[in-house]
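What follows is calculated from the coordinates using simple rules that are stated; it is not laboratory data. Note that the structure is predicted; figures quoted are calculated from it, not measured. Please note: Cβ atoms are built from the backbone with ideal geometry, for glycine as well, and neighbour counts cover all protein chains shown.
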Amino acid sequence: MNENEKPVQETEEETPEELEEELTEELDEAESDDEDDAVSEYNDAASEYAALEEQLSEANDKYLRLYAEYDNYRKRTAKEKTETYSNATSKCIEELLPFIDSFERSLDTECADEHFRKGMDMIFKQLQDFLTKMNVIEVKALGAEFDPNVHNAIQQQADTDYAANHVCAVFQKGYMIGDKLIRPAMVAVAV
């Protein structure tokens with residue numbers, strides 16, 4: 001034997017059955033590890049899906065609450081706007097009523113100049129048209145049954161041509177805008 005030559009180590013050769021058994025064991029271990037990994041991945045994905053579903057549910061709930069709040073805000077501001085307009089109109093007409101009363105009284109007085117009288121009648125007609133356009137109506141008083149909601153009784157009169165509890169004289173006209181009373185009519189009631 002040469003010094004340079006190394007002795008060949010004898011290796012045990014495995015039989016095909018042993019190799020097959022070894023490979024089967026390795027495959028079983030790999031499959032087992034793969035199954036564990038797959039189950040673990042599935043569980044992770046399921047928990048992540050549940051967390052995302054919960055977040056979506058919370059976001060949807062917040063959205064619905066915000067939408068409801070906005071809708072309520074929109075309705076409330078529309079109602080306030082309408083009420084503000086109505087209140088401003090009522091206040092304006094209420095301030096205008098004493099001038100209308102004075103104008104009517106001036107028309108009831110005698111006037112020598114027919115042209116002046118005709119001009120005043122035309123102006124008063126324009127004023128009445130304005131009130132109609134603003135939905136202002138006069139409270140029915142003379143001859144109507146007394147209604148404390150729209151009439152302010154300041155006097156009672158006996159021996160009148162009117163039935164009991166009916167308005168027999170009007171001292172100041174009452175006005176309404178739609179269903180809202182601006183000023184009650186000051187009246188005398190028959191007893």
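Name the residues in the range 135-174 that are out of contact with any Asp or Glu (no Cβ under 6 Å at 6 or more places or on another chain) and in contact (Cβ under 8 Å) with a residue 60 or more places away in the chain, would you?
Scanning the range 135-174 gives a single hit, Gln172.
Go through the range 93-191 and tell me which strands (runs of 3 or more DSSP E), entirely inside it, have 2 or more residues that are surrounded by 15 or more Cβ atoms within 10 Å (Cβ to Cβ) and touching a Cys at 6+ places or on another chain (Cβ under 7 Å). Outline the logic, then answer.
Working: elements: 136-138, 151-157, 167-172, 175-177, 180-183, 185-190.
Passing ranges, in order: 185-190.
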